[in-house]
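Novice: What follows is a structure written as structure tokens; I'll ask about it next.
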Amino acid sequence: MASSEGAIRGAQEAGAQNVPAATLYLQLAEEEREMALALVKDDKNHRAEYMLARSEADAELAVALARAARAQAEATKATEQVQDLKSRGGK
Amino acid sequence: MSVAKFWIALPLSALLACGAHLAPKELVDARAAYDHAAASNAPRLVPAELHVARESLDLAERKFADDPDSQDTVDSAYIAMRKAQRAEALGNAAAASASKTFAEHEQTKTQQAIIENQQGKLQKTESQLAQERDTLAKERDSLAKQKQMTEEERQKRIEAEKKAQDAMDALSKSLAVKADTRGTVITLSGGVLFATGQATILPGAQAQLNQVADALKTQAEHHFTIEGHTDNQGTDAINNDLSNRRANAVRDYLVVRGVAAAAITAQGVGSTQPVADNKTTEGRAMNRRVEIIVDRAVTARN
């Protein structure tokens, strides 16, 4: 239960809700966690464990996608700066 | 329907439609996701994460082998798919991070190159400026020296001219000195210089000639013409010869006294240029003379 919650919080802190590619998985993780809580209430603990594992997996994917998006944006910016510098330096 | 319920419901319906031993869609997707990740940056940049995905897929495969129709198999396959996608995303993040690092390194190198290029240009400009400053300084020194030399020469010329003028003024007190179109003419009486019919300078004339020599030496930038003149007594041949010899005798004496030989031309003109009437004794005496002409023109002899 805690690992799913931690993964979701990690995804939120990574800004997954602001990255289009990651938003879906963060949303899935949150819904799956809610479903797991409901399964626990129904005393379906085995199914609840798998649902939490799915939630954790989705949240971790959201984190990875957010991280990749940020890294790609930074790389693009750095590359553009180099190209700009080279074009200005050549003049 | 929520997103999660959709992902759960879809594989269940697929399983029911396709038969018990057909791999669930989640497992098929998990296999594809793993293959996709294995073909991405993941093996090279995040091999540990890809290994986790592989183990997750293996677990799903075992679940499928043990119980193909179970929800555990579906969930395990779902999780395996996400692990594979995560590995690929982390691989992409690592590749982007490396790309960023490379770009930053390139940026540093480019900045360094630009700085070095600008420093090179600056050094070249400074070198050119230093050369120009040096050239200007030399030209200034040269001009100052030229100015100094010109001033010194001007002062020397003024002093020489004053000395020459003073000498000529002193000479004019004891000898006939006049200016005409040829220059300054010093006239020496033939009777004082020579015995009748002779071209040898009399001892009594040497004082006068010494004074003339001293004056001429102050006229270093001038040329001198010495002309011998006679009266009209005797033949022209005799008078010409006599006047010529007398002119040269005076020339030789002046040279001995230190006047530059190259500065003196001597010639006899006989009786052709009288200054007085040859019919009288006094006139003839005046016509027997030697004229030393300080030419008006200044030469560059010195």
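Novice: Looking at (1) facing chain B (nearest Cβ under 10 Å); (2) surrounded by 20 or more Cβ atoms within 10 Å (Cβ to Cβ); (3) among the aliphatic types (A, V, I, L, M), can you tell me which one A:A11 breaks?
Specialist: So A:A11 meets the others, but not (1).
Novice: Within the group B:Y78, B:Y34, which residue is at pLDDT 95 or above, surrounded by 14 or more Cβ atoms within 10 Å (Cβ to Cβ) and more than 23 Å from A:E34 (Cβ to Cβ)?
Specialist: Working: B:Y78 fails: more than 23 Å from A:E34 (Cβ to Cβ).
Just a single option satisfies the conditions, and that option is B:Y34.
Novice: Do the conditions hold for A:V40, that is, is it more than 19 Å from B:E49 (Cβ to Cβ) and in a helix (DSSP H, G or I)?
Specialist: Working: more than 19 Å from B:E49 (Cβ to Cβ): yes; in a helix (DSSP H, G or I): yes.
Here the answer is yes, as A:V40 does meet what is asked.
Novice: Run down B:Q198, B:Q219 and say which single residue is closer than 20 Å to B:I264 by Cβ and polar (S, T, N, Q).
Specialist: B:Q219
Novice: Answer with yes or no whether A:E32 is over 24 Å from B:N92 (Cα atoms), at the interface with chain B (Cβ under 8 Å from one of its Cβ atoms), buried (at least 17 other Cβ atoms within 10 Å of the Cβ) and touching a residue at least 12 places away in the same chain (Cβ under 8 Å). Lay out the reasoning, then the answer.
Specialist: Working: over 24 Å from B:N92 (Cα atoms): yes; at the interface with chain B (Cβ under 8 Å from one of its Cβ atoms): yes; buried (at least 17 other Cβ atoms within 10 Å of the Cβ): yes; touching a residue at least 12 places away in the same chain (Cβ under 8 Å): yes.
Answer is yes for this residue.
Novice: Let me ask another. Give the residues of the range A:39-91 that are of a type in the set (K, R) and either more than 9 Å from chain B (Cβ to nearest Cβ) or closer than 19 Å to A:A11 by Cα (or both), sorted by residue number. Lay out the reasoning, then the answer.
Specialist: Narrowing the range A:39-91 to residues of a type in the set (K, R): A:41, A:44, A:47, A:54, A:67, A:70, A:77, A:86, A:88, A:91.
The answer is A:K41, A:K44, A:R54, A:R67, A:R70, A:K91.
Novice: With respect to B:L193, is the statement that it is in the same structural domain as B:G283 (by TED's automatic domain parsing) and surrounded by 15 or more Cβ atoms within 10 Å (Cβ to Cβ) true? Spell out the reasoning first.
Specialist: Values: in the same structural domain as B:G283 (by TED's automatic domain parsing): yes; surrounded by 15 or more Cβ atoms within 10 Å (Cβ to Cβ): yes.
Criteria met by B:L193.
Novice: In addition: Would it be correct to say that B:T150 is assigned to a helix (DSSP H, G or I), of a type in the set (S, T, Y) and more than 30 Å from A:S87 (Cα to Cα)? Outline the logic, then answer.
Specialist: Numbers: assigned to a helix (DSSP H, G or I): yes; of a type in the set (S, T, Y): yes; more than 30 Å from A:S87 (Cα to Cα): yes.
Yes: the conditions hold for B:T150.
Novice: Right, next: Among the residues of the range B:200-212, are any outside any helix (DSSP H, G or I), in contact (Cβ under 8 Å) with a residue 12 or more places away in the chain and within 26 Å of B:N240 (Cβ to Cβ)?
Specialist: So far as the range B:200-212 goes, yes, one or more of its residues are outside any helix (DSSP H, G or I), in contact (Cβ under 8 Å) with a residue 12 or more places away in the chain and within 26 Å of B:N240 (Cβ to Cβ).
Novice: So, in the range A:35-78, how many residues would count as being without any contact (Cβ under 8 Å) to a residue 12 or more places away in the chain and of a type in the set (S, T, Y)?
Specialist: Number of matching residues: 2.
Novice: Can you pull out every residue in the range B:31-83 that is closer than 18 Å to A:A59 by Cα and either away from every other protein chain (no Cβ under 14 Å) or of a type in the set (D, E) (or both)?
Specialist: Selection gives B:E49, B:D75.
Novice: Related question: Filter the range B:256-302 down to the residues that are more than 22 Å from B:T181 (Cβ to Cβ), in contact with a strand residue (DSSP E or B) (Cβ under 8 Å, 6 or more places away or on another chain) and buried (at least 16 other Cβ atoms within 10 Å of the Cβ) and list them by number.
Specialist: If the condition is that a residue be more than 22 Å from B:T181 (Cβ to Cβ), in contact with a strand residue (DSSP E or B) (Cβ under 8 Å, 6 or more places away or on another chain) and buried (at least 16 other Cβ atoms within 10 Å of the Cβ), then B:V259, B:R288 are the ones that fit.
Novice: Follow-up. Only one of these is at pLDDT 95 or above and among the β-branched types (V, I, T): B:V294, B:V275, B:V298, B:V255. Name it.
Specialist: Numbers: B:V294 fails: at pLDDT 95 or above; B:V275 fails: at pLDDT 95 or above; B:V298 fails: at pLDDT 95 or above.
Going through B:V294, B:V275, B:V298, B:V255 in turn, just one is at pLDDT 95 or above and among the β-branched types (V, I, T): B:V255.
The values are calculated or read from the model by the stated rules, or taken from the named source; none is laboratory data. As the structure is a prediction and not an experimental result, all values here were calculated from the model. Reconstructed Cβ throughout: ideal geometry from the backbone, glycine too, with neighbour counts over all protein chains shown.
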